[in-house]
Amino acid sequence: MRNIVQNFVHGGHCSLGHLQFEAALLRKEMPKCAGRPFIITDDGPPPSYGDMYYLCYVLAETPVKLTFLPPAPFLILSHIVELVAIASRTPVLKWIFPAPKGTLAILQPGVFHASLNYVATDKAAQKSVEQGGLGFRHVHTTLEGMCQQVLEWNNERGSSSS
């Protein structure tokens with residue numbers, strides 16, 4: 001589903017945010033950020049899966065074959081899985097409908113609505129510690145992180161160029 005926007009975050013940004021949170025908590029006075037949750041994201045706008053697929057198509061040295069499936073059948077299937085999951089919890093129908101297991105159990109309508117096309121922001125973490133934030137600063141963008149992944153892909157497959 002190429003048009004879906006997804007917030008990705010590099011592991012380095014997660015580590016950096018965690019370390020900055022720890023540093024803020026080590027202050028003599030209790031900082032305003034204590035006890036607050038923070039979202040950490042990469043810099044720049046979140047890419048769509050189509051951006052990621054295009055990046056792989058253009059930069060990967062080994063052929064990348066992508067098969068694009070229409071989302072409607074999966075959405076319909078997710079509603080069926082949800083109905084079976086609900087039926088499997090009722091006293092009468094649980095004998096007929098076993099509860100979905102494994103990856104199929106995850107395929108429910110909420111997967112299509114909960115986090116897709118939602119743009120997360122880390123503005124609260126970017127505030128200074130005195131303002132209740134972490135003083136978080138980005139190191140790179142999601143696109144740079146994706147390029148790094150493709151570079152590693154190329155290197156693992158014996159690419160001669162970097």
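When Cys56, Cys33 are compared by accessible area at a 1.4 angstrom probe, the order from most to least is Cys56, Cys33.
In whole percent, and with a 1.4 Å probe on the protein chains, what portion of the accessible area of the chain is carbon and sulfur?
64 percent
Of the residues Leu66, Met30, Asn3, the one whose Cα sits farthest toward the positive end of the charge dipole of the chain, with +1 on the Cβ of Lys and Arg and -1 on the Cβ of Asp and Glu, is Met30. Extension gain, Glu152 to Leu75: 0.36 nm times the residue separation minus the Cα-Cα distance gives 24.3 nm. Remark: the chain carries 69 Å² of accessible area per residue (probe radius 1.4 Å; ligands, DNA and RNA excluded). Under 5 Å from the amide H of Phe136 lie the amide H atoms of Gln126, Lys127, each residue being 5 or more positions distant or on a separate chain, with H modelled from the backbone and absent for Pro and chain starts. In order along the stretch 69-76, phi translates into HN-Hα couplings of 9, x, x, 4, x, 5, 5, 5 Hz, rounded to whole numbers, per the Karplus curve 6.51 cos²θ - 1.76 cosθ + 1.60 with θ = phi - 60° and x for Gly and Pro. Which of these values of semi-axes √(5λ) of the Cα gyration tensor in Å was calculated from the structure shown: [x] 36, 29, 14; [y] 62, 18, 16; [z] 42, 18, 13? Comparing each candidate, only [x] matches the computed number. Computed 3J(HN,Hα) for the stretch 85-98, one whole-Hz value per residue from the Karplus formula 6.51 cos²θ - 1.76 cosθ + 1.60 where θ = phi - 60°, is 4, 5, 4, 5, 9, 8, x, 7, 7, 5, 6, 8, 10, x, glycine and proline marked x.
Tell me the net charge near Thr62. Cut-off is 12 Å between Cβ atoms, Thr62 excluded, with +1 for each Lys or Arg and -1 for each Asp or Glu. Surrounding charge for Thr62 is 0. Note on Lys127: lysines with a C-alpha under 28 Å away, same-chain residues under 8 apart excluded, are Lys28, Lys32. Magnitude of the charge dipole for the chain, about its Cα centre and with charges confined to Cβ atoms of Lys, Arg (+1) and Asp, Glu (-1), is about 580 debye.
The values are calculated or read from the model by the stated rules, or taken from the named source; none is laboratory data. The model shown is predicted, which means the values in this text are computed figures rather than measured ones. Glycine also receives a Cβ, built like all others from the backbone with ideal geometry; neighbour counts cover every protein chain displayed. Surface areas here come from the heavy atoms of the whole protein model, side chains and all, with no ligands, DNA or RNA. Shrake-Rupley method; radii C 1.70, N 1.55, O 1.52, S 1.80 Å.
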